[in-house]
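The values are calculated or read from the model by the stated rules, or taken from the named source; none is laboratory data. All of these numbers come straight from a predicted model, not from anything done at the bench. Heads up, the Cβs are rebuilt from the backbone with ideal geometry, glycines too, and the neighbour counts pull from every protein chain shown.
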Amino acid sequence: MKRLLALTAAAFITLPLTPAAASPVHGARPGAPGAGDPYFPEQGNGGYDAAHYDLTLDYDPATGRLQGLARITARATQALSRFNLDLVDTLTVRSVTVDGRAAAHAQSGSELVVTPARALPRGRAFTTAIRYDGEPVHVVDPDGSMDGWIKTSDGVYNANEPQGAKSWFPGNHHMTDKATHRFTVTVPSTRVAVANGDLVRRTSRAGRTTYVWNSCEPMANYLATVTIGAFSLTDTRIGRYRVTTAVDPQQSAPGFAERHPPVLDYFSGLFGPYPYSSTGGIVDHAPEVGYALETQTRPVYPGAPGESLLAHELAHQWFGNSVTPTSWRDIWLNEGFATYAEWLWSDKLGTRTVQESFDEAYARPADDDFWQTPTADPGGPQNLFHAPVYDRGAMTLHALRGTVGDRTFFAILRAWAREHRYGNADTAAFASLAERVAGRRLGALFDAWLHQPGKPSL
Ligand code: ARG
Ligand code: ZN
């Protein structure tokens, strides 16, 4: 009651004296056009923090046309006169509103600049609605691979690491701005649209089917997917998991859904609880893509995965998806950990011990180029997915395990997953967490494995 009175008094003093329409927002300035990532400086935007994306998409694989409505809820982190979203200008923005009022907008390259009718005070929650359409095309990455909206013979293979998200929806696409997502996707009824999270509704009318997917845990936009094809869809509960799978008719993936729980149970024992409300995967037929992606809750595969690839993408749900790096330079925190998890799973299956996997990777001669790339910085966006990121990253973890022992090592992995759950953390944070849990200095080990070029000695 006392608090209520105080609030009322404050409101009475400030509100009537400064009518909203006339109040200028002090110090309002444009949000930064990028988040300042060392590898992708333009990716993401400054000045606001996105909380939720509500995407309504209509796609026709026959024409390749996409119609979209993105409703983005965000909070201003500074007084904002205008702000940017990432969206390629080959898609056409038809209208933008902020809190229901028409806003000016301009597109240039991968930046969509929105100027609200009225500046937004710092701390204000606001909703931006963007209507857009066009024919999405994939992005070509600095390493020559493609990502984004990649067309297939019957739909779309949608994998967005590192920068494909801007090819199909507007947003704050740097990994440090996580948000929840809801996808409402309409496709011809001969196709299935699969996205992240839980399938909450499927309705058909006049030859078109609408799928609604709700992704209720925070997600970086590079982990979003809307993959479309003539899939067969299953949605079953197996033990404590809701397993939702989609398999292309050209692929043979017997028992695909049933293969998930044993891997997730094993990793839960090692890393801590599985972080998401559902799991599963999408087995597409996309030989031209050539890579899988750990899209959140439901990885996408260009063909039926073997045991190692399945384990790799599921391990990313802890390492990469729930605990996400703060910049692309720290990509080994994703790939080194997922590769190490592959080694653990092969050991568990009795195929190959972790030590054998380590020895094989370590056997590369000291003058091999491989050893010139330090784990913690592969040297630029063109090297994001180079072998050292995966193998030297995994070897780094094995060297740590050899130094601190099994008990402490797995305690470090669990503390990493727990303390940074749904958040972001960098290499320095990992090193200091490891030292804290181990109760000893590990500077020399991390320096040799993470920061110096050359083959570390054992
Ligand atoms: N993170 C994926 C994996 O390790 C690889 C993504 C590759 N992306 C790319 N644009 N080449 O499974
Ligand atoms: Zn990976």
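Looking only at region 121-156, residues that are under 19 Å from ASN221 (Cβ atoms) and out of contact with any strand residue (DSSP E or B) (no Cβ under 9 Å at 6 or more places or on another chain) come to 2 in all.
From the list GLY380, GLY290, GLY336, the lone residue that is within 14 Å of ligand 2 (Cβ to nearest atom) and surrounded by fewer than 19 Cβ atoms within 10 Å (Cβ to Cβ) is GLY290. Check region 252-265 and report whether any residue there is closer than 21 Å to GLU342 by Cβ, among the charged types (D, E, K, R) and crowded, with 24+ Cβ neighbours inside 10 Å. No, because not a single residue in region 252-265 is closer than 21 Å to GLU342 by Cβ, among the charged types (D, E, K, R) and crowded, with 24+ Cβ neighbours inside 10 Å. Sort out which residues of region 227-251 are in a loop (DSSP other than H, G, I, E, B) and surrounded by fewer than 20 Cβ atoms within 10 Å (Cβ to Cβ), and write them in order of number. Result: ALA230, GLY239, ARG240, PRO249, GLN250, GLN251.
Of ALA366, ALA394, all but one fail to be in a loop (DSSP other than H, G, I, E, B) and of a type in the set (A, V, I, L, M); the exception is ALA366. The set of residues in region 298-322 being touching a helix residue (DSSP H, G or I) at 6+ places or on another chain (Cβ under 9 Å), more than 14 Å from PHE267 (Cβ to Cβ) and away from ligand 2 (no atom under 11 Å from the Cβ) consists of VAL300, TYR301, PRO305. Counting only strands (runs of 3 or more DSSP E) that sit wholly inside region 103-156, those with at least 1 residues that are closer than 30 Å to GLY379 by Cα and either touching an Asp or Glu at 6+ places or on another chain (Cβ under 8 Å) or within 16 Å of ligand 2 (Cβ to nearest atom) (or both) are 104-108, 111-115, 146-151.
Each row is one residue, and each column tells you yes or no for (1) without any contact (Cβ under 8 Å) to a residue 60 or more places away in the chain; (2) more than 26 Å from LEU264 (Cα to Cα); (3) under 28 Å from the mean Cα position of the chain (by Cα).
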| position | (1), (2), (3) |
| --- | --- |
| LEU349 | yes, no, no |
| PRO365 | yes, yes, no |
| ASP369 | yes, yes, no |
| LEU433 | yes, no, yes |
| ALA448 | yes, yes, no |
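Okay, residues lined up against (1) at pLDDT 95 or above; (2) assigned to a helix (DSSP H, G or I); (3) within 14 Å of ligand 1 (Cβ to nearest atom):
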{"position": "GLN296", "(1), (2), (3)": "yes, no, yes"}
{"position": "ALA304", "(1), (2), (3)": "yes, no, no"}
{"position": "HIS312", "(1), (2), (3)": "yes, yes, yes"}
{"position": "LEU344", "(1), (2), (3)": "yes, yes, no"}
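Within region 159-173, which residues are within 15 Å of ligand 2 (Cβ to nearest atom) and either without any contact (Cβ under 8 Å) to a residue 24 or more places away in the chain or in a loop (DSSP other than H, G, I, E, B) (or both)? The answer is ASN160, GLU161, PRO162.
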